[in-house]
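One structure is given below, encoded as structure tokens.
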Amino acid sequence: MKYISTRGDATPRGFSEILLEGLAPDGGLYLPTHYPQVDDATLTRWRGLPYADLAFEILALYIDDIPVGDLRELARKTYTAEVFGTHEIVPLKALEPGLALEALSNGPTLAFKDMAMQLLGNLFEYELARRGQELNILGATSGDTGSAAEHAMRGKKGVRVFMLSPHGRMSPFQQAQMFSLQDENIHNIAIEGVFDDCQDIVKAVSNDLEFKRHWRIGTVNSINWARLLAQVVYYFAGYIQATKSNDEVVSFTVPSGNFGNICAGHVARMMGLPIEQLVCATNENDVLDEFFRTGTYRVRKGAETHETSSPSMDISKASNFERFIFDLLGRNADRTRQLFKDEIDAHGSFTLSDEEFRRIAEFGFVSGRSTHADRVATIRDTFERSGVVIDTHTADGVKVAREHLKPGTPMIVLETALPVKFAATIVEALGREPERPAAHVGIEALPKRFVVLPVDVARVKALIELECAVD
Ligand SMILES: *Cc1c(COP(=O)(O)O)cnc(C)c1O
């Protein structure tokens, strides 16, 4: 399998070449040259597999430059009951007939990002050892991504993580999840500023190409193809659990921000998984809902981006969206570049032609949006009906899923985080604290390991140089 860019760079690259990369050199996103088709006999065979082996089968369709035995080992080492809490790894929980949650949030940081990030940690360690290289991952986080990355990369050989977060602005629980890690290769840097300051520092460091090359700076953001690929697996696992035979169809609802999670559902559907609808749920930051309703994709400005009670969906633009549009446009890279580069640079938005817009239905996408009041009502209603406490992001999903239920088609809502991470809204909805998994009791009291730095690119660079020189 080779990978190409959505903006026309057709240099064929292997999986291992793009594993440690972000954007393609022409500014596009990497996609495989084609989607391998999963036939009826294969899907039937997959029904009997443990999650790790299902993951291996799917990964092997897209990765041909890691020996098969090694790849199987990497999958088995990643998806264990010990790390993800159950043997099913992603069990379905029925809410009511025809509506279920798929539990993706029982990994180390209690959000679905662990599903992909844990695999990425093992893949990075493997590939860096094979090349005899090191990598310094530099990132900015306001919570979920940073902690998933740190928990995936802790103790991994050849990898250091430098994670910037806004000093004093994360919840005590989120802070504890990151700052309590005592691993030598994890560096928490609390910046005396806001999240945007952290992101600006990361950009400034990455734009210094000389520094970036010399200190081997990399990222683990959501446009990484390996992360997306790892997420394809749980669409298959969800389908297999919800059905008995391959002539049944299901729909998925996905609480969405950067369009990484639901894009993995799109890939699964393109591979032939019988998915009827992919329901894209947004919060008040409804860039994507607006697009699926109108055909206009309008990037929001900073001031237009709402801070909501489902904060991991607070986005101004959806960084993986270009992948879907490329497929929607029949993989026309010129048109994709025109929309995402020329139109967005000039107007901050683009609008599909009528004919392009009509094609969306063939891809199964529909959408909806949810507000804070909807979240609170949905958390309460779901608890009253089913006795299940859901988090705020999952609540956006359940709210929108209910608007797209169809008799005879099971609806699976992806549970993207556990309620304990967003306790304030749970208290608002239910009048009590959410349950906390045993491993997370009292984490706020653990010793913390972090440094505080001002909003100063040079100080961050100096810290990276110092840490690399020490090792
Ligand atoms: C990251 C995240 C999302 C959004 O996922 P995307 O892949 O960015 O669309 C939704 N819910 C939670 C809890 C998240 O952490």
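The values are calculated or read from the model by the stated rules, or taken from the named source; none is laboratory data. This is a predicted model, so every value here is computed, not measured. As a convention, Cβ positions derive from the backbone with ideal geometry for all residues, glycine included, and neighbour counts pool all protein chains shown. To get the accessible areas, we keep the full protein, side chains included, count just its heavy atoms, and leave off ligands, DNA and RNA. Shrake-Rupley method; radii C 1.70, N 1.55, O 1.52, S 1.80 Å.
Indicate the gyration tensor shape class of the range 313-451 (rounded, prolate or oblate), computed on the Cα atoms with a ≥ b ≥ c the square roots of the eigenvalues: a/c under 1.5 is rounded; otherwise a/b larger than b/c is prolate and the rest oblate. Here the range 313-451 falls in the oblate category.
Rounded, prolate or oblate: which fits the range 393-452 when a ≥ b ≥ c are the square roots of the eigenvalues of the alpha-carbon gyration tensor, with rounded for a/c under 1.5 and prolate only if a/b beats b/c? Prolate, since a/c reaches 1.5 and a/b exceeds b/c. May I ask for log10 I(q)/I(0) of the chain at q = 0.06, 0.09, 0.12 Å⁻¹, from a Debye sum over the Cα atoms as equal point scatterers with solvent left out? Computed log10 I(q)/I(0) values: -0.24, -0.57, -1.09. Under 5 Å from the amide H of Leu95 lie the amide H atoms of Ala100, Leu101, each residue being 5 or more positions distant or on a separate chain, with H modelled from the backbone and absent for Pro and chain starts. Percent of C-alpha pairs per 10 Å bin in the range 207-264, short distances first: 19, 34, 23, 13, 8, 3. Sorting Asp327, Asp456 on solvent-accessible area from highest to lowest, probe radius 1.4 Å, gives Asp456, Asp327. Could you list, in their original order, any pairs among Lys317/Lys341; Lys93/Lys156; Lys157/Lys203; Lys2/Lys212; Lys93/Lys113; Lys77/Lys421 whose Cα atoms are separated by more than 22 Å? Beyond 22 Å between Cα atoms: Lys93/Lys156; Lys157/Lys203; Lys2/Lys212; Lys77/Lys421.
Beta bridges assigned by DSSP with both partners in the chain are antiparallel in approximately 25 percent of cases. When the alpha carbon gyration tensor of the range 195-339 is reduced to an equivalent ellipsoid, the three semi-axes, largest first, read 30, 19, 16 Å. Helix content alone sets the calculated 222 nm mean residue ellipticity of the chain: runs of n ≥ 4 DSSP H residues at -39500 (n - 2.57) each, divided across all residues, give -12500 deg cm²/dmol. Cross-link partners of Lys461 among aspartates and glutamates, defined as those whose alpha carbon lies under 14 angstrom from its own and excluding same-chain residues fewer than eight positions apart: Asp200, Asp208, Glu210. When you filter the GluC sites (Glu not before Pro) in the range 296-387 for DSSP loop state and at most 15 other Cβ atoms inside 10 Å of their Cβ, you are left with Glu307.
Using the alpha-carbon positions of the range 68-208, Rg (one decimal) and Dmax (whole number) come out as 16.8, 55 Å. Between the range 105-180 and the range 9-43, the C-alpha centres lie 23 angstrom from each other.
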